[in-house]
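The values are calculated or read from the model by the stated rules, or taken from the named source; none is laboratory data. Just so it is clear, the structure is predicted and the values come from calculations on it, not from any experiment. When the accessible area is computed, the model is the full protein with side chains, heavy atoms only, and any ligands, DNA or RNA have been set aside. Shrake-Rupley method; radii C 1.70, N 1.55, O 1.52, S 1.80 Å.
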Amino acid sequence: MPYSRQPSNPAPVLSAADRKKKLLADGALHRANIMVARADISAGVHPGALAREALGQFSVTAKTLLLDTVRTTAMNPAKLSPLLMTGLSLLARKSMRKPLMYASIAGGAIAGAVYLSRLFRGGASASAQDQSNQNDDAEQ
């Protein structure tokens with residue numbers, strides 16, 4: 001006779017009605033999780049969040065490229081001259097002037113918007129903090 005091992009805690013046998021209730025409860029939980037996931041995704045997809053993320057990724061990439069270039073060239077003019085000549089030749093091309101101008105205008109507009117948003121956000125929080133400090137002093 002072959003050895004057969006019985007589980008120590010067999011799963012309880014549910015009636016059809018209990019199984020149906022459990023399935024309905026699982027379905028409701030799944031739908032609730034889907035709704036929460038949709039809300040999380042839609043909160044991260046609005047234009048402000050996308051622009052912040054893109055600007056952050058761009059700045060990190062630019063910083064990394066710049067630091068790698070500086071580290072590898074060690075400020076050796078002989079190694080920096082090809083980069084400088086490439087930049088000057090791009091500026092000298094008539095076909096590149098307009099795209100470079102548009103890119104610099106767009107970059108300046110983005111930098112200005114970020115500066116103004118930080119300025120207004122920082123000023124509002126500082127004035128709110130001053131008001132709360134004044135309220136604390138008045139209470140004492």
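Details
- Across HIS46, HIS30, the residue with the most accessible area heads the list, and the full order at a 1.4 Å probe is HIS30, HIS46.
- Area accessible to solvent at LEU119, 1.4 Å probe radius, in Å²: 80 Å²
- Heavy-atom accessible surface of the range 15-114, averaged per residue, reaches 83 Å², computed with a 1.4 Å probe.
- Solvent-accessible area of ARG31, all protein chains in place: 140 Å² (probe radius 1.4 Å, heavy atoms, ligands and nucleic acids excluded).
- Sequence of ASP40, ASP68 from largest to smallest accessible area, 1.4 Å probe: ASP40, ASP68
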